[in-house]
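Report on the following structure.
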Amino acid sequence: MKVGELIKDLRLKHRVSQSEFAKFCNVKQSAVSKWERGIVSPPINIVEKLSIIFDLTENFKDKLKNEDNN
């Protein structure tokens with residue numbers, strides 16, 4: 001699973017809209033949409049924000065970082 005797919009799955013699971021997630025990440029909603037569709041990869045600092053908003057474990061964060069680098 002790609003990072004964008006994980007973002008979307010987590011966001012939907014936690015009932016967070018793209019707009020809410022974008023605001024938390026200090027980006028535009030269109031950026032979140034592009035990440036989720038795999039058009040562009042999110043910056044690495046977004047992984048840290050994911051861990052905060054979705055309370056992710058260190059192992060999961062490492063997996064996200066590694067997926068993004070592949």
Within region 1-18, of all residues that are more than 12 Å from Ile53 (Cβ to Cβ) and touching a residue at least 12 places away in the same chain (Cβ under 8 Å), the one surrounded by the most Cβ atoms within 10 Å (Cβ to Cβ) is Val3
Subset of region 21-41 (residues that are farther than 12 Å from Gly4 by Cβ and without any contact (Cβ under 8 Å) to a residue 24 or more places away in the chain): Ala22, Lys23, Asn26, Val27, Lys28, Gln29, Ser30
Looking only at region 1-18, which residues are out of contact with any Phe, Trp or Tyr (no Cβ under 6 Å at 6 or more places or on another chain) and assigned to a helix (DSSP H, G or I)? Val3, Glu5, Leu6, Lys8, Asp9, Leu12, Lys13, Gln18
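What number of residues within region 19-41 satisfy the criterion of being outside any helix (DSSP H, G or I) and at pLDDT 90 or above?
Looking only at region 19-41, we keep the residues that are outside any helix (DSSP H, G or I), and these are 26-28, 38-41.
Filter again for at pLDDT 90 or above, leaving 26-28, 38-40.
Of the residues in that region, 6 qualify.
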Would you tally the residues in region 42-70 being at pLDDT 75 or above, within 13 Å of Gly4 (Cα to Cα) and either basic (Lys, Arg) or not in a helix (DSSP H, G or I) (or both)? 2
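The values are calculated or read from the model by the stated rules, or taken from the named source; none is laboratory data. Everything quoted here is computed from the prediction, not taken from an experiment. Here Cβ is always computed from backbone atoms with ideal geometry, including for glycine, and neighbour counts include all displayed protein chains.
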